[in-house]
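The structure under discussion appears below in the form of structure tokens.
The values are calculated or read from the model by the stated rules, or taken from the named source; none is laboratory data. All values reported here derive from a predicted model rather than from experimental measurement. FYI the Cβ positions are ideal-geometry reconstructions off the backbone, even for glycines, and counts take in every protein chain you see. All accessible areas refer to the heavy atoms of the entire protein, side chains included, with ligands and DNA or RNA removed. Shrake-Rupley method; radii C 1.70, N 1.55, O 1.52, S 1.80 Å.
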Amino acid sequence: RDEDGMEDGECTWHAHARAGAEATKNVGAVADVCLSPAKKRNGRYKPTPAEGRDLVLDSEITSKRVTEVRVVAVKGGMEGAEEGGETCAAADASEPPPPPSKVSVAAAPNRAPHEGKTARAQLMSLDFIFLASWFTVMLLPNNFFIISIGDQLEDMGDDDRSMTTGFTLVWVLSTLVSPIAGLSADFIGRGPTMTFSMGCYVASFALLGVGGGNSGGNRFGGVPLKAQWITFVAFNVGRNWLFSMYFISVGRLFGFAHYGTLAGVGLLMSAMATPLAVPMLRHGVDNGWAQSNAACVAISAACVCFTAGWTWRREARELQARTGAEAGQAHARERYTEVGLMIP
């Protein structure tokens, strides 16, 4: 208020807040904003009372500091605003008004870490290199399982191909549980979900057999033929989780401005793993499946270094940062409540 003859810009946002709260502590928390006489004459000063008591001031301060300020005064009325303005001349006007857009500090951690960067910068980031490499490496055991499962089951005694048909059935039905992968990523985290996927791959190849028994129908050391349904479930769950977590991670880490580019490059890289599965298949046909299955177990277990050592730890750091941001926001709200303001 210019009742004391002050020029525009002399009263700061903090000054009005302190003066208004001190003078109106018994009637409510109220603050007023300096407006230029020209804006008052032009009708820009439009108080809107709600039920006769609340006052909303929404104005522009056109002075050396060009800042948009929104002040919501509660419980007080016009009387409190006037009392706050009368004592404003004694307040310290040396501090610049803080931009209201910086009051909310909890939203920043919710952004994708690489959001806003160019496609080239995102492609060259360690997060994308590690993520695409993990996806590419894991497609080697994934593709090997698909092209070898029929031969492995036949060597176990599946002469009528009934178990191979059962694998195809589980493959189709496993798509129904794909949404669970997304829910797990949302509520548990990407790191634990990706690590669970690696565990499914390890289990599926171990159940097929990585060496051992040389007698009977199960000469590879895995579970008997009729128990291979467990293997089918473990592999298909791991497969669905693998693909889901790759595409979820692209969006979570990089946003969606260049989502198609990043997803496409990762798929292109993963295509290089398909030809490498053919030598493993040939080796299995000629020398038995134990060594090829053991290699797939080792690959899947090694990828836990990425899922747990990199992704899981990263999420832990992000959670810590988010918690700190929420605590900072709560502190900021307490600070402004002390001076009688509600910050929108």
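The table below lists the values:
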item	result
Computed over segment 159-205, Cα set: Rg, Dmax in Å	13.9, 44
Peptide ranges 288-301, 151-164, 318-331 listed from the most packed, as the mean C-beta count within 10 angstrom indicates	288-301, 151-164, 318-331
Among 167-178, 251-262, the order from most to least packed when residues are scored by Cβ within 10 Å on average	251-262, 167-178
Accessible surface of segment 135-251 [probe 1.4 Å, protein heavy atoms]: carbon and sulfur percent	68
Residues whose placed amide H lies under 5 Å from that of residue 157, excluding near-sequence neighbours	none
Distance in nm between pseudo-label sites at residue 308 and residue 226 (7 Å out along the Cβ direction from Cα)	3.5
Equivalent ellipsoid semi-axes, segment 108-227, via Cα gyration tensor eigenvalues times 5, rooted, Å	38, 16, 13
All-pairs Cα distance distribution in segment 221-310, expressed in whole percent, bin size 10 Å	13, 34, 35, 14, 4
